[in-house]
Every structure is written in structure tokens, then in C-alpha cells.
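S.K.: Before we start, here is the structure in question, set down as C-alpha cells.
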Amino acid sequence: MRRAVIPTNTTKMTSIFGVIAVAVLFVAPSFASRYLLQILLTIVLYVQLVTAWNILSGFTGYLFLGVAAFYGIAGYAYAIVSLEIPYFVAIPVVGMLCFVISYAIGMVLLRIRGPYFAIASYALVLLFANVVLYYEQTYSRVTGRVVSILPVSTTYTVLLGVAIATIVVAYLIKRSKFGYGLSYIKGNEDLANVVGINVARYKCLAFGISAFFIGMATAAIIPRGGYIDTTVVFAPTISFNTLVMGVVGGLGSIRGGVLSAVLFSLLFELFGTRANPYPLFVFMGVLLMVVIFYFPRGIEGVIARVTSARGEQAS
Amino acid sequence: MLTTALDLAIGGIFLSSLYVLVAVGISLLYGVSQTINLAHGDFMIVGAYLAFMLITALGVVPTWTLIVVPILMGLLGLALYRAGGFSRILTRPISRGDREFTTMIMTFALAWVTSNLLAWIFTANVQAYPAPAGQLIIGDLVVPIRKLMTIVIAWPLIGVLGFMVKTTRIGLSIRCVFDDSEASKLMGIDVNRVHSIIFFLALLTAGLGGALFSMNFAFSPYLGTEFTILGIVVTIIGGIGSIKGALVGGLIVGLSESFVMFFISPLLKIAFIYTLFIAILLVRPVGLFRSM
């Protein structure tokens with residue numbers, strides 16, 4: 001191992017690098033071009049989504065394949081509430097709404113374990129999209145909704161704030177009693193129950209917090225496009241991308257998730273074209289298969305292997 | 001009124017036959033080979049495109065595609081098992097939970113690859129080809145021949161499959177692996193061969209489903225997801241690994257879909273089936289029929 005090149009303490013390096021990155025990101029709107037800002041927006045969005053997704057799926061092991069379901073619900077909720085209340089109030093309101101909905105759904109859905117939960121959550125997108133479409137066609141008689149557009153710099157800054165809050169909360173959860181409870185559930189749910197962890201409440205709470213942050217991020221970014229309909233906000237791409245990033249980063253690893261979100265977002269922005277997005281999608285699918293086959297623990301697994309090879313305790 | 005009811009019932013049975021074809025594969029793959037195939041619906045759509053290609057590019061008669069497409073898809077299944085990494089995952093010394101997790105993510109990625117590959121090659125537009133014309137008229141009831149063909153081909157085939165699993169020697173080894181893969185290996189059953197057969201059969205039925213589907217409906221690359229989900233719902237209602245269960249589950253889902261779509265709203269069919277799915281999972285997680 002080349003000691004001179006690799007820093008001695010990964011955790012310390014991560015935090016120092018994190019602080020610098022956050023500072024640069026916050027002042028970015030003042031110097032960045034529109035194009036660069038657009039790239040940063042995508043990066044921040046996916047960093048946020050992956051971290052929020054990790055709070056449920058990474059920490060408890062319940063594989064959630066329906067990020068787009070909450071993205072969609074939050075999008076519609078924002079379109080409706082933003083008619084009445086200002087942007088900054090609407091964001092937490094939408095977040096709370098997602099929390100309540102997911103907590104209620106979680107009470108039923110999270111009793112289903114293992115692969116069944118993943119499938120049920122996969123179908124959740126289809127369910128929500130159809131119900132929303134039914135409601136819109138029958139009662140509102142509109143096919144889409146228009147949202148007033150805000151400048152990119154505003155949405156970007158707010159989204160960045162939400163993303164940082166998500167990361168901080170995720171770290172706090174991981175280090176808390178609650179977080180240990182979740183990792184017990186991941187390890188062996190029945191045993192966790194016997195040990196005295198309120199398994200049902202812990203799972204629902206993790207689901208709720210996860211959805212809360214997904215909802216906030218969605219509400220923050222929706223005014224960017226200005227128009228939503230069910231195909232835009234319930235896009236399976238959102239679920240898929242988040243899953244790929246989460247798995248490639250390493251399930252339950254916040255830093256791994258953030259890293260892979262940055263890498264993949266750059267990939268989208270640099271190689272993805274609106275005219276022919278399919279090659280990139282195919283590539284991502286193949287990449288996910290390769291990673292799960294050869295590196296089931298993703299980037300985090302690689303980091304851990306490197307650090308443990310140097311006799312340092314993995315963080 | 002009676003005509004409407006009959007019409008809906010036939011429509012339901014017709015839909016069921018497609019769902020059963022998808023569900024049987026999912027059920028066998030999960031029950032015997034511990035592979036939760038989230039790409040199964042997409043394989044069906046691949047079958048539809050294969051039929052489309054054979055008919056429009058090579059001028060094959062539509063009826064013949066019902067034989068050629070399933071065989072091609074079955075071979076694809078074999079290739080997937082042998083070269084696609086599934087044989088390695090199934091023999092890895094990892095826990096059942098880890099194995100299911102791995103196969104699920106693998107097939108989720110595969111679904112993504114398949115549908116986007118189709119969109120890349122054929123564009124995302126809706127495709128169709130002229131299906132066998134003609135219809136059967138009984139009183140007020142009008143049934144297109146292609147619908148009847150679907151029913152008449154699908155159900156007996158599933159019957160044969162069920163019979164094969166119940167009576168033949170290969171069927172016996174399939175049932176053994178379903179019960180206990182490790183023990184059957186110790187008893188001298190070639191587990192690898194059983195998995196190959198399962199992958200072959202699963203994609204064969206999916207291919208047939210796709211060929212029949214393309215005969216009845218226009219299709220586009222992203223229709224697979226819905227069929228995957230419905231197929232899994234049917235499987236879980238019926239019980240994993242059970243062919244009889246897939247038949248009954250398929251009938252329940254197909255008929256209720258047909259009636260819900262007519263009496264309530266097409267958009268609420270998913271809501272209805274989803275509720276059914278969750279209810280079954282909570283009340284009777286093993287499904288209606290437990291064993292093969």
C-alpha cells in the first residue's frame with residue numbers, strides 16, 4: 001500500500017472534504033454558469049434522494065423500489081398547496097404530508113418482509129400514478145398541472161439546504177439508539193423484537209423520515225420545470241436511478257451513496273442526451289448487474305477493504 | 001345484460017390466460033430457483049417483439065410464431081442461466097435472503113436493460129401487426145378468433161406443464177429441488193440441470209405469452225413492468241411454486257380486472273388488485289396453495 005498517497009484517517013478526510021465541498025456548493029450560484037448550475041442541481045438532487053432512500057432501505061434492509069411514488073405524490077401536493085402558500089412554507093408542508101402518508105402506508109406495508117416488500121413498493125408507483133390520474137380525470141378534469149417557475153439559483157440553494165439537512169439527519173440517526181435499533185432490524189428482525197425494540201414503530205418511523213425528506217426535495221425542485229403530469233413525476237427512472245446509486249454506493253453507507261450519486265449524476269449530465277437516452281440506461285443496468293455480482297457491498301465495500309488492508313478501523 | 005356478463009367473463013378468462021402464462025414462469029423461478037424475476041414481464045414483451053420481427057421482417061405466418069418465439073425465448077432463458085451469472089449466484093454459499101436480494105437486483109437491472117434496449121432498437125412507439133382475422137358469433141356475443149386462440153392455447157399448455165411436474169421423472173426432480181435444494185443435491189439430483197430446465201420453461205411460457213399478447217394488443221417497450229407486477233401478484237395469491245395456484249390466481253386477477261374495468265374505472269384496476277395483493281400477503285402469506 002502506498003501510504004503517502006492515501007490519507008491516514010478516512011473519516012477525518014471525509015468531513016474536511018465535506019465542509020469544503022458544502023461551502024463551495026453554497027456560493028456556486030454566484031459564479032457558476034447556467035449549465036454548471038444545472039449539473040450541480042442534478043447532483044444535489046440525487047445525493048439527497050439516495051441519502052433519504054438509505055434511511056429506510058440502507059438502515060433497515062427493506063429494499064424500497066418506489067422512490068418515484070413519493071416523488072410523484074409530493075409533486076402533486078406541491079402543485080396544489082403552492083397555489084395558496086409561499087415556496088418556503090410549502091416545502092415542509094409537503095414533507096410532513098409525505099411523512100403522514102408513508103407512516104400510514106408503512107403500518108401495513110412494512111409488515112410484509114423481504115422480497116415481498118420490495119415488490120409491493122415497486123407496485124406502489126403504479127398504484128399512486130393510477131389513483132392520481134383517476135382523480136385528476138374524474139374530478140379535476142386536467143391532465144397536468146402548471147407550477148409557477150422560480151429562478152434556478154433559488155431552487156438550487158434551497159435543495160442544497162434540504163440535502164445537507166438530510167445527510168446530517170441520516171448521520172445522526174446512524175449514530176443514535178434509533179439507528180442501532182434499525183441495524184438490529186436489518187440483522188435479524190425477530191431477534192430485534194425479542195430484545196425489546198419496538199420493531200413496527202422503528203420501521204414506520206424510518207419510512208416516514210425517508211419519505212419526509214424525499215417530499216421536501218421534490219417540493220424544492222418542482223418549480224424548476226414548471227409543469228407536472230403523472231408521467232413526469234411518477235417516472236420509473238427516479239426509482240431506478242436511486243436504487244442503482246444506493247446499491248453501487250453500498251447499502252446503508254451514506255458516504256458511499258453520496259459518492260456514487262455524484263458520479264452517476266455527472267454521467268447523466270455528460271453522456272445522457274434527451275434525444276436518445278437509451279444507451280445510457282442500458283449501460284446503467286449492466287453496471288448495476290456487474291456491481292451486484294462482483295461487488296455486493298459497492299463503493300463502501302471497496303473503501304472498507306482498502307482501509308482495513310492498512311490496519312485502520314473502518315468507519 | 002347476460003351478453004355483457006358473458007362478454008366480460010370471456011374477456012376476463014382471456015386476460016387470465018396471459019397472466020397465468022407470465023405467473024407460471026415467475027412461480028417456478030421463485031419456487032425452484034430462488035430467483036425473483038422482476039424482468040419477467042419484460043421478457044414477455046421481448047417475445048412480442050420477436051413475433052413482430054418474424055412476421056414483418058421475415059414474413060412468417062402469425063400462427064407459426066406461437067411455436068418459434070417460445071422456443072427462442074426458452075433458449076434465451078438457458079443462455080441467461082448458463083452465461084448470465086444466475087448459475088453462479090445459485091451455487092454461491094450465501095444465505096437464502098442474500099441470494100434473493102442478489103437475484104432481485106440482478107433481474108431489476110435486467111428489466112431496465114431489456115426495456116431500454118427494446119426502446120433503443122424499435123423506438124418507444126407503439127407497434128402492432130395484422131393479427132388473424134375472423135370472429136365467432138353466438139347470438140349477440142361476438143368473440144374474435146385471436147382471443148379464443150389465446151385461451152385455447154394457453155390453458156392446455158399450462159395443464160400439460162402441471163401434468164409434467166406431477167408425473168414425470170423430471171417433474172419429480174423439480175419438486176424435490178423445490179422442497180429442499182441441498183437435500184436433493186445430496187440424493188444425486190442434478191440441481192444444475194433442474195435450474196436449466198426451469199429457466200427454459202419459464203422463458204418459454206413468457207415468450208408464448210408475449211407472442212399471444214402481440215396478436216391481441218399493440219405493444220411498446222415499457223409495458224413489461226405492469227405484467228411483472230401482475231404476474232407476481234397472481235403468483236403470490238396462488239402460492240409460490242404451485243401451478244394450480246397460478247391458474248386460480250390468474251383467474252381471480254383476470255376476472256376481477258375485467259369487471260372492475262367495466263363497472264368502475266380502468267384506472268382503478270391497479271388499486272383493486274393491489275389491495276387484493278396486500279390483503280392476501282397479510283392474511284395468508286403462503287398463498288392459496290402451498291405445495292407444488
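S.K.: Kindly state, to the nearest 0.05, the FRET efficiency for A:ALA200 paired with A:TYR171, given R0 = 22 Å and r defined as their beta-carbon distance.
M.R.: Calculated value: 0.35.
S.K.: Quick check: at a probe of 1.4 Å, how many percent of the accessible area of chain A sits on carbon and sulfur atoms?
M.R.: Result for chain A: 68 percent of the exposed heavy-atom area is carbon or sulfur.
S.K.: Let me spell out the model: positive unit charges on the Cβ of Lys and Arg, negative unit charges on the Cβ of Asp and Glu, origin at the Cα centre of region B:7-104. What dipole size does that give, in debye rounded to 20?
M.R.: 420 debye
S.K.: With everything on Cα atoms, drop me the angle between helix B:2-33 and the longest principal axis of chain B, reported from 0 to 90° to the nearest 10.
M.R.: Approximately 20 degrees, to the nearest 10.
S.K.: Right, here's the next one. Per the 1.4 Å probe, what fraction of the accessible area of chain B, in percent, lies on carbon and sulfur atoms?
M.R.: Summing carbon and sulfur atoms, their accessible area is 70 percent of the total for chain B.
S.K.: Pull out the extension gain between A:ASP190 and A:SER33, defined as 0.36 nm times the separation in residues minus the alpha carbon to alpha carbon distance; nm, one decimal.
M.R.: 51.2 nm
S.K.: Let me ask another. Let's test the formula: R0 of 60 Å, r as the Cβ-Cβ distance of A:TYR135 and A:LYS12. What FRET efficiency results, to the nearest 0.05?
M.R.: 0.70
S.K.: Rounded to the nearest 100 Å², what is the sum over both chains of accessible area buried where B meets A, with a probe of 1.4 Å?
M.R.: 3900 Å²
S.K.: Using +1 on the beta carbon of Lys and Arg, -1 on that of Asp and Glu, and nothing else charged, what's the dipole of the protein assembly as shown about the Cα centre, debye to 20?
M.R.: The dipole magnitude comes to about 1360 debye.
S.K.: Once the whole set of protein chains is in place, how much accessible area is left on B:VAL152, using a 1.4 Å probe, in Å² to the nearest 10?
M.R.: 100 Å²
S.K.: Rolling a 1.4 Å sphere over the protein heavy atoms, what is the accessible area per residue of chain B, to the nearest Å²?
M.R.: Roughly 40 Å² per residue, with all protein chains present.
S.K.: Taking a 1.4 Å probe, which of A:LYS203, B:LYS244 shows the most accessible area, and what order do the others take after it?
M.R.: The residues order as B:LYS244, A:LYS203, largest area first.
S.K.: 7 Å from Cα along Cα→Cβ at both B:GLU182 and A:MET107: what's the point-to-point distance in nm?
M.R.: 4.0 nm
S.K.: Could you pull out every one of the lysines with an alpha carbon less than 30 Å from that of A:LYS177, ignoring same-chain neighbours closer than 8 positions?
M.R.: A:LYS12, A:LYS186, A:LYS203
S.K.: Another question, then. I need the calculated FRET efficiency for the pair A:PHE295 and A:ALA275, taking r as the beta carbon distance and R₀ as 45 Å, to the nearest 0.05.
M.R.: My answer for the efficiency is 0.90.
S.K.: Can you work out ³J(HN,Hα) from phi for every residue in region A:62-79, in order, using Karplus 6.51 cos²θ - 1.76 cosθ + 1.60 and θ = phi - 60°, giving whole Hz and x for Gly and Pro?
M.R.: 7, 6, 9, 9, x, 4, 4, 4, 7, 4, x, 4, 5, x, 5, 4, 5, 4
S.K.: Taking 7 Å along the Cα-to-C-beta vector as the label spot, tell me the B:ARG169-B:THR56 distance in nanometres, rounded to one decimal.
M.R.: Spacing of the two 7 Å Cα→Cβ label points: 4.6 nm.
S.K.: Would you kindly work out the equivalent ellipsoid of the protein assembly as shown from its C-alpha gyration tensor and give its semi-axes, the square roots of five times the eigenvalues, largest first in whole Å?
M.R.: Each semi-axis is √(5λ); the values are 41, 30, 23 Å.
S.K.: Given 4 °C and 1.567 mPa s, how large is the Stokes-Einstein diffusion coefficient of region A:10-309 in µm²/s, with Rh as the Kirkwood radius over Cα pairs?
M.R.: Estimated diffusion coefficient is 66 µm²/s.
S.K.: Here's another thing I want to ask about it. Quick check: pseudo-label points 7 Å beyond the Cα along Cα→Cβ at B:SER265 and B:PHE122, how many nm apart are they?
M.R.: With each label point 7 Å from Cα toward Cβ, the separation is 3.1 nm.
S.K.: Report, to the nearest 10°, how far helix B:243-263 tilts away from the longest principal axis of the Cα atoms in chain B, using its own Cα long axis and a range of 0 to 90°.
M.R.: Computed tilt is about 30 degrees.
The values are calculated or read from the model by the stated rules, or taken from the named source; none is laboratory data. As the structure is a prediction and not an experimental result, all values here were calculated from the model. Note: ideal-geometry Cβ built from the backbone for every residue, glycine included; neighbour counts use all protein chains shown. Heads up: the accessible areas ignore ligands, DNA and RNA and are worked out on the full protein's heavy atoms, side chains in. Shrake-Rupley method; radii C 1.70, N 1.55, O 1.52, S 1.80 Å.
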